[in-house]
1. State which residue pairs qualify: first residue closer than 24 Å to ARG283 by Cα and inside the range 405-421, second residue surrounded by 17 or more Cβ atoms within 10 Å (Cβ to Cβ) and among the hydroxyl-bearing types (Ser, Thr, Tyr) in any location, beta carbons under 9 Å apart, and separation of 6 or more residues or different chains.
2. Can you tell me which residue is nearest to TRP320 (Cα to Cα) among those in the range 376-401 that are crowded, with 17+ Cβ neighbours inside 10 Å and of a type in the set (D, E, K, R)?
3. Within the range 346-359, which residues are in contact (Cβ under 8 Å) with a residue 12 or more places away in the chain, surrounded by fewer than 21 Cβ atoms within 10 Å (Cβ to Cβ) and under 16 Å from ILE319 (Cβ atoms)?
4. Taking the range 402-431 on its own, how many of its residues are of a type in the set (A, V, I, L, M), assigned to a loop (DSSP other than H, G, I, E, B) and open to solvent by 40 Å² or more (accessible area, probe 1.4 Å)?
5. Looking at the structure I just gave you, is ASP431 closer than 23 Å to GLN305 by Cα, free of Cβ contacts under 8 Å to residues at least 40 places away in the same chain and acidic (Asp, Glu)?
6. What are the residue pairs meeting all of these: first residue in the range 364-380, first residue free of Cβ contacts under 8 Å to residues at least 12 places away in the same chain, second residue assigned to a strand (DSSP E or B) and polar (S, T, N, Q), Cβ atoms under 8 Å, and 6 or more apart or on different chains?
7. Given the conditions (1) closer than 21 Å to ASP120 by Cα; (2) assigned to a loop (DSSP other than H, G, I, E, B); (3) among the charged types (D, E, K, R), report the number of the one that ARG162 does not fulfil.
8. Based on this model, can you work out whether PHE343 counts as open to solvent by 10 Å² or more (accessible area, probe 1.4 Å), in a strand (DSSP E or B) and of a type in the set (Phe, Trp, Tyr)?
Amino acid sequence: MPRINKTVVLALLITTSSIFLLFQLYYYRQYITTSGLHVLGGKGSLVGKEAQWHLVKKFLGLAHKFNLPVFLADKASLNLLSQEAILLRDSQLKEPHCTFLCTHRDFVTFGLLGNLWKYDASLLEAAEERGLELLQVGGKDPRLVSMDDLIGSEIPLHLLFRFNSRVLHVVVLYERSGNYLWHGPLRLKASADRTFAPFGKLDFGRYAGAYDRPELLLTTLDGLDVRIPKNFSRFLGELSNNRFLECRYREAAAFYQLYPDDTSPEAMDFRMKAKSLLHLAARVLSELQVPFWLSSGTCLGWFRQCNIIPYSKDVDLGIWIKDYRHDITQAFQKAGLPLKHKFGKIEDSLELSFQGLDVKLDIFFFYEDGDIVWNGGTQAKSGKKFKYVFPRFSLCWTELLELKVRVPCETLDYVMANYGPDWNVPVKTWDWKSSPPNVQENGVWPIKEWDDVIQVY
């Protein structure tokens, strides 16, 4: 009997095993390519990223059927994007995968353009047919609320789809009169299932938010056709500073019950001119990319009566001194607003005033100092300096005179600092040097600096 060559036998075994493994790999690829992503859990259900991918696929099928104008608005997903990823048509890849739509989180977020969507009650039934659970959260429509109608009507604000413990959050964005998008807060009713979604982790819903309308781009992510913000970096920036404060219509209506509104021709004319001036100032500062907020009497008017105070005779804005630009004055003059006066300097108490059409625009620059912030004031005839002290505050969006503008989020603290506990009582006689409770004398400008720090035109 001939001896068996061990080397030959070993080679045959290796070859046979390799062929068998290649066959298994080929079969596996063919199976998941034709059948989709099917990784099963212990009970035969989809888990992890595969469940997330199927949830998004089912939802996009619903969106197509019901003509839902949706786009990807997920913070984690958009952070993974790059221009190269947008251009990659990964639907052409043979191996399915989920990179952008399946992140480390167990939910994904889409935005829905509410003004382009007509609600269809059959959406719930269609979702159930696809194996999706749906939780709808509504709220009052602020676009229909006014001092004449404080009730408003109910509109859908948030839709949450759940599949195998994974959640897809749809935040409904409505266009407001200031040409921006708004979403409402996510407030659950007492009977709602609070375990339906990780509500505390969601990107949207802790409070109302406001955004510029994004230009959308259709691309392919993880094998699915999805619309995304074309400038997703800007959209992500807005996500971190999106909080919106609604005008306090109920309190404003109560204010006007005590102090009837001035509807004289002079008051109406002033408000019309103040509105034009505010819109112009916002356009100039937006082009310069300088953030600002409503300050002093203009902020008080918004907070107290949802309008401009007719006897204030000016428009007041605040800007952080760190955002000052040397071309601000030139930009306003180019827009038709000549410089009326310039007080102070960049390092101390800077204030600019521009002359509009019978209405003055005052811009106060704010300085940060420990636990407080302050802006300065200067008396032209004496060179005396004044300081107006406020508690620290953050900035929120709101709407005034059909314009999206910022205000201090801690508005009551801001107003009380400037106007005291009786801020809700109109005061027509106001001395800027002594009336504010937060004013402090701050020395005198040296005479040798007057030419630079006191400029009146």
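The values are calculated or read from the model by the stated rules, or taken from the named source; none is laboratory data. Here the structure is a predicted model, which means the values were calculated and not measured. All Cβ positions, even for glycine, are placed from backbone atoms using ideal geometry, and neighbour counts span all protein chains on display. Note: areas computed on protein heavy atoms with side chains; ligands, DNA, RNA excluded. Shrake-Rupley method; radii C 1.70, N 1.55, O 1.52, S 1.80 Å.
1. As it stands, the answer is VAL405/THR398; ARG406/THR398; VAL407/SER295; VAL407/THR398; VAL407/TYR414; PRO408/SER295; PRO408/TYR414; THR411/THR398, since those pairs meet every condition given.
2. Per the criteria, the residue is LYS387.
3. Those that are in contact (Cβ under 8 Å) with a residue 12 or more places away in the chain, surrounded by fewer than 21 Cβ atoms within 10 Å (Cβ to Cβ) and under 16 Å from ILE319 (Cβ atoms): ILE346, ASP348, GLU351, SER353.
4. Narrowing the range 402-431 to residues of a type in the set (A, V, I, L, M): 403, 405, 407, 412, 415-417, 425, 427.
Keeping just the survivors that are assigned to a loop (DSSP other than H, G, I, E, B) gives 403, 425, 427.
So of that shortlist, the ones also open to solvent by 40 Å² or more (accessible area, probe 1.4 Å) come out as 425, 427.
Selection size over the range 402-431: 2.
5. So ASP431 fits the description; yes.
6. Close Cβ pairs satisfying both conditions: none exist.
7. (2)
8. Here the answer is yes, as PHE343 does meet what is asked.
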